[in-house]
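Have a look at the structure below, then the notes.
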Amino acid sequence: MKRTKRMMAWTLVLAGLAMGREANATSQEWVEPGWPDQVADAVLVRPLAMVGALASTGLFLGTLPLSFPMGIGDECAHVLMEGPWRFASGRVLGDLRRYNDGRNWLGEAPPDDPRASY
């Protein structure tokens, strides 16, 4: 019990350190995250994101018999599967907002992005 409390305290401390840091860049300029952000992301955020992605995948599979006949299966798959898995594995290490392909967490391009194909 004592060990669990100590582990939870360290987890909260690391989460606070990881989330409390802000980039010193403007919206057009990107600065590579430092090693504390990368370590906190790899050790804390990504494993929790994987657990969340697995839970949302289970939710999607559980609601699939209802969502597919109603015609909203694609939207549910987009939100419940693609989004959480992109957050868990498609981000730049240490940056919670930047993805490898430049799109947001649901795979949509920003409106002012010239790389948008639509």
*Here is a list of conditions, (1) modelled with pLDDT under 85; (2) assigned to a helix (DSSP H, G or I); (3) basic (K, R), and R115 meets all of them except one; can you say which number that is?*
(2)
_Number of the condition not met by S89 [criteria: (1) exposed (fewer than 15 other Cβ atoms within 10 Å of the Cβ); (2) among the small types (G, A, S); (3) over 30 Å from G34 (Cα atoms)]_ = (3)
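The values are calculated or read from the model by the stated rules, or taken from the named source; none is laboratory data. What you see is a predicted model, and the numbers here were worked out from it, not measured in a lab. Quick reminder, even Gly has a Cβ in these numbers, built from the backbone with ideal geometry, and neighbours come from all protein chains shown.
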